[in-house]
Every structure is written in C-alpha cells, then in structure tokens.
Amino acid sequence: MSDSNKILEEITSSEYKWGFVTDIDNDSLPKGLNEDTVRYISAKKNEPEWLLEWRLDAFRKWLKMEEPIWPNVTYPKIDFQDIIYYSAPKQKVTLNSLDEIDPELRATFEKLGISLDEQKRMTGVAVDAVIDSVSITTTFKVKLSELGIIFCSMSEAVQEHPELVRKYLGSVVPVTDNYYAALNSAVFSDGSFCYIPKGVRSPMELSTYFRINAANTGQFERTLLIADESSYVSYLEGCTAPVRDENQLHAAVVELVAMEKAEIKYSTVQNWYPGDKNGKGGIYNFVTKRGICAGDYAKISWTQVETGSAVTWKYPSCILKGDHSIGEFYSVAVTNNYQQADTGTKMIHIGKNTKSRIVSKGISAGHSHNSYRGLVKVMKRAEGARNYSQCDSLLMGDQCGAHTFPYIEVENNTSTVEHEATTSKIGEDQIFYCNQRGIATEKAVALIVNGYCKEVLNQLPMEFAVEAQKLLAISLEGSVG
Amino acid sequence: MTTELKESLIQHFNTLEKTPSSALLVDTRKEAISAFQELGFPTTKHEEWKYTNLKNTIAKTYAIESAATFSAEDIKTLTALPIDCYKVIFVNGIFSPSLSTIDAAGVTIEPFQTSNQEVVKNYFAKNLPYNDSMVALNVAFATAGTLIHVKAKQHVAKPIVCFYLSDVRSANVFAQPSVLVVVEEAASATVVELNRSLGSNTAFTNAFTHAILKKEAYLEQYKIQNDIDNSNFVHNSQIVHEGKSNSYTTTITLNGGLVRNNLNITLGAEHCEAYLNGLYLEKGAQHVDNHTLVDHAMPNCYSNELYKGILDGKSTGVFNGKIWVRKDAQKTNAFQSNKNILLSKEASVHTKPQLEIFADDVKCSHGATTGQLDPEAMFYLRARGVGEDKAKKMLVHAIAFDVLDKVKHDELRAYLEQEIEERLK
C-alpha cells in the first residue's frame with residue numbers, strides 16, 4: 001500500500017500544464033460592479049436599448065437575491081466589488097483574416113493545442129475562441145453560412161441577428177433563475193451564438209474555447225444554441241486558465257433550444273485552473289446550463305468531463321417539454337487536492353413518453369469533495385415517462401469524500417423511474433489481477449479508471465475523448481487509497 | 001397561525017416549571033425548549049421537511065396533555081392485539097402505569113419519575129443534536145415518559161407493546177409520548193409501538209423513542225401505524241449502538257393522516273449491524289414521510305435498508321434515506337433500497353436516497369425505483385382467468401410480502417398480514 005501512496009503523492013503533485021499567462025495588452029474596466037458597469041459593457045458592445053434594459057433589470061433583481069448556500073461546498077465569501085467585469089485583449093476593430101490576430105494570442109491558442117488557422121480544416125472543427133471576456137475569432141464562418149448555419153460570437157449576433165437573440169435569450173434560463181444566472185445576465189460580455197436552420201445537419205463539430213487570461217477578472221460568457229426543426233449539431237466546449245494565487249470567478253450561462261426532431265449534443269471538457277495542491281487559488285466555476293426540448297422527438301445530450309476548477313457548481317439540465325423527447329447526461333467529475341465539485345443534472349419530464357438517462361461517474365482523491373446532486377421530476381402529464389439514473393463514485397484515499405443527493409419526484413403512475421448508485425474504491429482484487437499479468441499498479445489504476453469512465457468518454461467526439469483521457473490520466477493514475 | 005401553537009407550548013412549559021414534577025431532567029429539558037423556541041415548527045423551507053407540510057396540522061387548536069376519559073371498555077378495544085405481550089399504555093402522551101402490565105421478567109418498565117434516575121439522566125436525549133425541532137419539543141415535555149430497562153443477559157421473549165392512545169372525542173389532542181429503551185449487555189427484547197385514537201377530532205402525536213443498545217445487545221423494533229384518518233403522527237426514533245449490537249427496525253404505515261417517521265441510527269462502535277425495513281400502503285389523501293439516517297461512525301459496521309411503498313388515491317409518499325459514512329468508518333458495508341408503486345393517477349412520490357461518504361474502503365450502494373405494477377405479471381394472471389381487481393391485489397400483496405417476510409415475530413407477522421389483507425379489501 002505504501003507504494004501506491006507514493007504514487008498517489010507523485011500524481012497529486014503533478015502541475016497544471018495550462019497555467020501560463022499570455023502578455024497581451026488588455027482593455028479593461030476598473031474593479032467593481034454597479035449600474036454604470038452594466039451600462040459601460042452594453043455601450044462598449046454597441047448594444048440596442050432593449051438589451052441594456054434587460055441587463056439592468058437583471059442587475060436590479062440580482063441585487064435583491066441571495067447567494068445560494070445549499071451546495072455542498074465551502075469557500076470564502078466572494079467580494080463582487082473586487083472583480084473586473086470586463087477585460088478584452090486590445091486589437092483592431094474588425095478582423096478580415098486570421099493573419100490579423102495578435103500573434104501573441106495566436107501563440108496562446110497554439111500552446112493550448114487549438115489552432116485557429118484554417119489548416120484545422122482537416123479535423124473539421126469550427127472554433128470560436130473566447131479570451132477573458134470577448135470572442136477573438138470564429139473560424140469556418142463562411143463555409144457554415146453557406147448552409148445557413150449562424151455561428152458567431154454573441155456580440156456579433158446581437159448586431160446581426162437581434163430578432164433571434166431577443167426571442168431566445170433568457171427563454172430557457174430566466175434572469176431570476178438563480179443568483180449567478182442573474183449576475184451573468186447583467187454583465188455577460190460575450191460568448192457563442194449558434195443557429196442551425198431547419199433540416200440542416202451541421203457538417204462539422206462547432207467548438208468554443210474559453211480562456212481566462214487577465215488577473216482579477218471574472219469571466220461571464222453566455223452561450224445560446226438553437227437547433228431548428230430536424231437539425232443536428234454537435235457542440236464542444238473547452239476551457240483553461242493561468243495559474244494564479246487568488247480565486248477567479250467564472251459564471252456562465254448556456255441555453256439550448258431544440259425544436260421538433262432536432263438534436264443537440266453538447267460536450268464540455270472543463271479544465272479551469274483547480275488551485276495548487278494546498279488549495280490556494282483556482283477558479284470558482286458557477287455555471288447554469290439548461291436545454292429545452294421544445295418540440296416533439298427532440299433530443300439534448302450533455303456530456304461533461306470536469307477535471308478543473310477549485311469549486312464547481314454546475315447542473316446541466318433538460319426540460320423535456322415535447323412528447324417523445326429525450327434528455328441525456330453523461331458526466332465524469334474528477335476532484336483532487338482541495339477541489340470541490342457539486343454537480344449533476346435535472347431532468348424535467350413534461351411531455352408524454354419522454355425519456356432521460358443519467359450516467360454520472362465521480363472520482364475523488366486527495367482532500368477533495370465530490371457531490372452528485374440531481375433531480376428527476378415527472379410531472380402529472382408525462383404519461384409513460386422513463387428515466388434511468390446511475391451514479392457511481394470512486395474514492396481514492398481516506399481524506400476525500402463522495403456524496404450523492406438524488407431527488408426523485410414522480411407524479412405520474414404510468415412512468416418508470418430507476419436510480420442506482422454505488423460508492424467504492426478500486427478493488428484490490430482488480431489491481432492484483434492486473435499486477436499478476438505484469439501491469440504495474442500505476443498503469444493498472446489508469447486502466448481501471450478509464451474503464452470506469454468509458455461509458456461517458458464514449459459519448460465524446462473523437463479528439464475530445466483523447467484529450468479527456470489524457471486529463472484523467474494526469475489527474476489520477478496510480479492513486480490507490 | 002403557526003406561532004399560536006408554538007407560543008402556547010412555550011407558555012405551557014413555563015407553567016409546568018412551577019410544579020414539583022419539573023425537577024426531572026430539568027437541564028436537558030430547558031436546553032430542549034430553548035432549541036425549540038429558536039427553531040420553531042419545521043417548515044417546507046427546511047431541507048428535511050421540503051415535502052411534508054405541517055402548516056395545516058399546527059394551525060389547529062389543541063388540548064395539551066389533557067386528561068382522557070377512557071372507560072375500561074374503551075381501553076380494552078383500543079389495546080386489542082391478538083398477541084401475547086406486555087402492554088405499556090400512554091393516554092394522550094402520558095404514561096399510565098395503572099393501565100399497563102409492568103410485572104415483566106428481566107425488564108423493568110417504569111415512569112421516568114420513579115425509575116432509576118441515573119439511567120434516565122445518563123441516556124435520555126443525551127448529546128442529541130436538535131437539528132430537528134420536533135425532537136426538541138418532545139424532550140422539553142418529557143417528564144411523563146417511561147423507561148424500558150432490559151437487564152443484562154436477559155432475553156425478554158414477549159414483545160413489549162407501547163400503545164400511544166389519544167382521546168379525540170371532544171377536542172383535538174396534542175400528545176407527546178417519550179420512551180427510553182435501554183438494552184443492557186447481551187440482552188435482547190422486542191418493542192412494538194402502536195398509535196391509536198378514538199373520536200373524530202384531530203390527534204397530533206409527536207413521539208420520541210430513544211433506544212440505547214449496550215455491548216452485544218439485540219433490539220427488534222416494530223412501528224405499526226394504523227390509526228384514524230385524522231391522526232397526524234410524527235415519530236422520532238434514535239437508536240444508539242454500542243459494540244457488536246444489532247438492531248432490527250420495521251416501520252409499517254397503513255392508515256393515518258400525515259405521518260412522518262424520523263429514524264436515526266448511530267453505529268457508534270465496531271461490528272454493529274442495523275437493519276431498517278419499511279412498508280407504506282397509502283390511499284385517500286394520506287401523506288407518509290420516512291426519513292432515515294444511518295450514521296456509520298466506526299469501522300466494520302453493516303447496515304441494510306429496504307423501504308417499499310404502494311400509493312393509491314391522492315396520497316403522497318416521501319422517502320429520504322441518508323447513509324453517512326464517517327472518515328474512521330473503514331470497511332463499512334451499507335445498502336439501501338427504496339421501491340415505490342403508483343397505483344393511481346393522483347398519487348405521487350418524492351424519494352431521495354442520499355449517500356455521504358468520507359471513508360474510502362467502503363461498499364455502499366443505494367437504489368430507488370418508482371413505477372407501476374408489472375404489466376407482464378398482470379397479463380400472466382389475467383391470462384389465467386384472474387380478475388383485474390384480484391390480480392392487482394395479488395401483486396400488491398407480493399410487494400408487501402418482501403417487507404413482511406422480514407418480520408421475525410410469528411404472531412406479529414400473522415397479525416400484520418391480516419391487517420394488510422383487511423386494507424386491500
């Protein structure tokens with residue numbers, strides 16, 4: 001056992017690889033939040049009057065709300081006046097080609113393994129890169145627009161497709177939904193906007209890459225994705241941040257709308273800076289993600305690999321409004337050192353014969369705490385609704401905790417809801433079996449963890465799956481309690 | 001409205017303090033009343049009471065600790081039970097030694113006032129965290145409670161049956177029976193708790209049973225809740241285990257109004273085992289809420305929990321099972337299962353099987369299902385000429401059987417089977 005403890009120690013001390021800072025000129029607001037901040041952001045983005053009003057309304061409501069205390073996480077109180085709410089890399093106003101992007105910036109994304117160049121065409125991924133508060137560039141725009149797909153930054157969408165933005169913004173996550181959603185509604189700076197027209201199947205994966213670069217800033221991005229009738233889109237999201245001693249806040253809102261027979265697949269690999277091994281620094285990741293299956297036979301699938309952030313508070317949810325609609329949630333959440341994660345999903349069955357499936361795998365190591373919190377609600381009208389949930393937790397070491405809070409509320413007698421959960425450590429017999437066959441303990445653990453997460457990782461698009469697997473290996477391999 | 005009952009209870013406490021019987025447990029009770037005063041009655045804003053609303057119950061006016069006028073005949077009908085047992089009778093929450101059979105071998109059953117004060121003081125409500133104000137409320141008025149003290153190495157063969165009787169013929173009654181069960185080393189006993197009311201007004205009972213299991217002790221507990229429609233029953237049970245002790249708790253809820261069971265088990269030493277079983281068969285506008293907490297504080301303990309519910313009419317069911325495995329509790333095995341069947345369109349169920357685990361070398365699992373009677377089984381029976389109603393009953397019976405099968409006392413099981421048969425008619 002001492003061997004594996006040693007391995008565990010080595011692993012837990014492995015450094016965060018994406019922790020560099022890019023030295024680029026920033027255009028940022030001073031710290032603090034008041035109505036003027038909101039007005040400034042809105043003016044900076046040249047927003048129409050209705051959006052400013054919408055923001056101000058959100059801000060006023062936010063002032064009256066209280067920070068939620070129910071999540072199973074502890075962190076010092078956030079001083080919302082000590083945050084920079086707007087920070088953008090200085091650059092020319094419009095970019096006609098990628099060559100015009102600040103070379104420093106491009107180098108940043110190269111370092112992160114995301115090439116903004118068109119050479120990426122080979123892999124067929126369109127990328128929208130968001131650094132600090134604003135979207136830097138969106139690739140493959142022309143090609144996508146031939147099909148009628150709109151894929152651009154939120155600011156651009158506000159200018160060019162105000163009718164769509166106005167119709168759907170806040171329709172899934174209302175302003176008053178929760179504390180952080182209200183804050184985001186007031187101060188969101190940018191994000192991605194995507195619209196897939198009727199009957200179109202997006203030919204490539206759409207992707208957003210988020211990066212917090214500047215110090216003391218908060219990142220508040222807003223993503224809105226609309227899949228019109230019979231369309232399909234697969235959307236990827238990735239994120240990293242530099243190593244800093246202070247905690248930074250990330251409060252995003254993601255809204256998905258799937259019309260009749262549309263399908264949205266939303267995948268996230270979340271790797272914000274988790275803080276150092278003593279729990280210093282790291283990102284507070286307070287995110288509201290929700291999708292609505294507005295039409296019949298619509299499908300929304302969330303897949304997430306959560307390895308970063310000091311504190312995570314995130315519940316990607318599905319409102320299954322259309323009859324026969326389907327919601328899925330696949331999650332791997334890994335916490336190490338002093339990380340805390342309270343994550344899960346909500347499946348609200350409203351329509352008839354709606355189905356949902358939840359597969360959640362939690363892995364806790366070090367001094368971390370990992371909670372699954374989920375709600376499956378079957379409303380009165382949801383005849384024949386079906387849910388299957390499975391949440392497993394794996395514990396590594398005796399200093400960590402794994403918690404499960406599943407809420408199941410059933411109001412219809414023709415529905416079937418199943419939930420099962422297990423908590424255990426990696427079996428000594430499994431390790432022994434591997435050892436016996438010449439596989440070293442460290443490798444055996446990686447193998448077992450990968451096998452444990454396979455069900456979720458299989459849901460990820462190819463290149464993301466590879467990245468996720470590497471991430472898992474870095475976070476955990478070899479750690480047996 | 002809600003403040004009224006609270007205020008009158010606090011007032012009642014202050015009046016009682018001037019009477020001679022108030023010397024009993026005075027510090028414990030004072031602490032409890034201030035906890036209750038601070039917390040008040042639980043509301044749906046309280047996470048543990050999210051789905052159970054006491055508002056309508058506490059809005060009524062109650063007679064508190066009122067004297068009952070039961071005739072000998074009434075008592076006889078109310079305490080009828082086809083089982084050879086010792087009867088411990090509470091009337092409107094107050095232990096009545098004259099009505100009870102207390103000359104039992106191996107066990108003493110006495111009111112707190114005259115029993116071994118050391119034992120009462122050392123165990124009753126000791127180190128209770130008053131996170132639920134209903135427990136605090138009971139403890140604050142626990143002067144008329146009873147001590148069931150099972151002597152070391154004694155096996156009490158006959159079940160000890162506690163009857164919580166309420167006389168609601170002339171007024172609404174608020175009753176708070178308190179029981180302390182101490183099972184000494186290597187002793188064993190069976191304790192049954194039954195609540196029954198007479199009349200058509202509302203009975204609101206807030207019971208508290210504190211059981212202490214010493215080394216190698218064994219306790220079987222049965223809570224049988226089958227009362228009038230107007231009976232609102234909150235039952236708080238606390239079971240504290242010492243080394244190598246086993247407890248076996250079964251909660252069966254048949255008729256009643258609002259029923260809330262808080263069953264907290266602390267496995268406070270190594271090699272303890274706790275079994276928790278429950279069955280709720282609801283209809284009409286019933287509301288049954290089972291909250292269980294198994295606190296694995298020490299290593300090498302085992303807990304196994306099975307709760308089943310069948311809900312008909314407009315009834316609502318709540319199950320909240322928490323398994324808490326502390327850092328030191330390595331080698332814990334904890335299992336939990338909750339299965340619900342909804343028979344009607346209006347019935348609903350809220351279940352939350354919860355695991356909180358701080359140790360790594362554990363095996364814990366929980367499962368919860370909600371569904372309807374298996375259509376294939378139904379078809380099988382129908383194909384063999386069994387009518388729909390009968391087939392339904394057979395299947396419901398089969399579901400209930402899983403839990404009934406775990407009732408170890410033969411006479412008691414036969415009695416319960418008959419009661420369930422009656423209910424399914």
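The table below gives the values:
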quantity	calculated
Whichever residue in the range A:360-378 is at the interface with chain B (Cβ under 10 Å from one of its Cβ atoms) and over 20 Å from the mean Cα position of the chain (by Cα) and, among such residues, is farthest from residue B:371 (Cα to Cα)	A:365
Cβ pairs under 6 Å, 6+ apart, first in the range B:101-130 and in the same structural domain as residue B:19 (by TED's automatic domain parsing), second aromatic (Phe, Trp, Tyr)	B:101/B:86; B:104/B:86; B:111/B:95; B:120/B:112
Residues within the range A:405-438 that are under 31 Å from the mean Cα position of the chain (by Cα) and over 19 Å from residue B:331 (Cα atoms), tallied	13
Lone unmet requirement of (1) free of Cβ contacts under 8 Å to residues at least 40 places away in the same chain; (2) part of a strand (DSSP E or B); (3) over 21 Å from residue A:398 (Cα atoms) for residue A:331	(1)
Number of positions in the range A:261-278 that are of a type in the set (Gly, Ala, Ser) and either without any contact (Cβ under 8 Å) to a residue 24 or more places away in the chain or assigned to a loop (DSSP other than H, G, I, E, B) (or both)	2
Residue match in the range B:294-304 (condition: surrounded by 24 or more Cβ atoms within 10 Å (Cβ to Cβ) and under 22 Å from residue A:377 (Cβ atoms))	no
Criterion violated by residue B:33 - all others in (1) at pLDDT below 90; (2) among the β-branched types (Val, Ile, Thr); (3) closer than 27 Å to residue B:168 by Cβ satisfied	(1)
Residue check for residue B:183: crowded, with 24+ Cβ neighbours inside 10 Å and closer than 23 Å to residue B:132 by Cβ	no
Residue, surrounded by the fewest Cβ atoms within 10 Å (Cβ to Cβ), within the range B:189-227, restricted to residues that are touching a helix residue (DSSP H, G or I) at 6+ places or on another chain (Cβ under 9 Å) and aliphatic (A, V, I, L, M)	B:198
Filtered residues of the range A:375-393 (kept if assigned to a strand (DSSP E or B) and crowded, with 24+ Cβ neighbours inside 10 Å)	A:376, A:378, A:387, A:389, A:391, A:393
Among the residues listed as A:351, A:327, the single one being more than 14 Å from chain B (Cβ to nearest Cβ), within 23 Å of the chain's Cα centre (by Cα) and at pLDDT 90 or above	A:327
Enumeration of residues in the range A:416-427 that are at the interface with another protein chain (Cβ under 7 Å from one of its Cβ atoms) and either hydroxyl-bearing (Ser, Thr, Tyr) or assigned to a loop (DSSP other than H, G, I, E, B) (or both)	A:416, A:422, A:423, A:424
Count of the range A:394-413 residues which are assigned to a strand (DSSP E or B) and facing another protein chain (nearest Cβ under 7 Å)	12
Residue identified as of a type in the set (A, V, I, L, M, F, W, C) and on the phi > 0 side of the Ramachandran plot among B:125, B:105	B:125
So residue B:299, is it outside any loop (DSSP other than H, G, I, E, B), within 13 Å of chain A (Cβ to nearest Cβ) and closer than 30 Å to residue A:367 by Cβ	no
Any hit, the range B:413-423, residues being in contact with a strand residue (DSSP E or B) (Cβ under 8 Å, 6 or more places away or on another chain) and buried (at least 18 other Cβ atoms within 10 Å of the Cβ)	yes
Selected residue [within 30 Å of residue B:105 (Cβ to Cβ) and either in contact with a strand residue (DSSP E or B) (Cβ under 9 Å, 6 or more places away or on another chain) or assigned to a strand (DSSP E or B) (or both)] from B:201, B:206, B:236	B:236
Those residues of the range B:321-335 which are assigned to a strand (DSSP E or B) and without any contact (Cβ under 8 Å) to a residue 40 or more places away in the chain, in sequence order	B:322, B:324, B:325, B:332, B:333, B:335
Considering residues of the range B:336-375 that are part of a loop (DSSP other than H, G, I, E, B) and more than 7 Å from chain A (Cβ to nearest Cβ) only, the residue surrounded by the most Cβ atoms within 10 Å (Cβ to Cβ)	B:373
Count of the range A:144-168 residues which are touching a residue at least 12 places away in the same chain (Cβ under 8 Å) and either outside the structural domain of residue A:207 (by TED's automatic domain parsing) or under 19 Å from residue A:199 (Cα atoms) (or both)	7
Strands (runs of 3 or more DSSP E) fully within the range A:279-326 counting 3 or more residues that are touching a helix residue (DSSP H, G or I) at 6+ places or on another chain (Cβ under 9 Å)	A:282-293, A:299-306
Selection status of residue B:203, on the phi > 0 side of the Ramachandran plot, small (Gly, Ala, Ser) and not assigned by TED's automatic domain parsing to the domain that holds residue B:410	no
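Okay, residues lined up against (1) assigned by TED's automatic domain parsing to the domain that holds residue A:471; (2) surrounded by 20 or more Cβ atoms within 10 Å (Cβ to Cβ); (3) touching a His at 6+ places or on another chain (Cβ under 6 Å); (4) in contact (Cβ under 8 Å) with a residue 24 or more places away in the chain:
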| position | (1), (2), (3), (4) |
| --- | --- |
| A:363 | no, yes, no, yes |
| A:398 | no, no, no, yes |
| A:410 | no, yes, no, yes |
| A:416 | no, no, no, yes |
| A:422 | no, no, no, yes |
| A:435 | yes, no, no, no |
| A:454 | yes, no, no, no |
| A:460 | yes, yes, no, yes |
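The values are calculated or read from the model by the stated rules, or taken from the named source; none is laboratory data. Just so we're clear, the structure is a prediction, and the values are computed from it rather than from any experiment. All Cβ positions, even for glycine, are placed from backbone atoms using ideal geometry, and neighbour counts span all protein chains on display.
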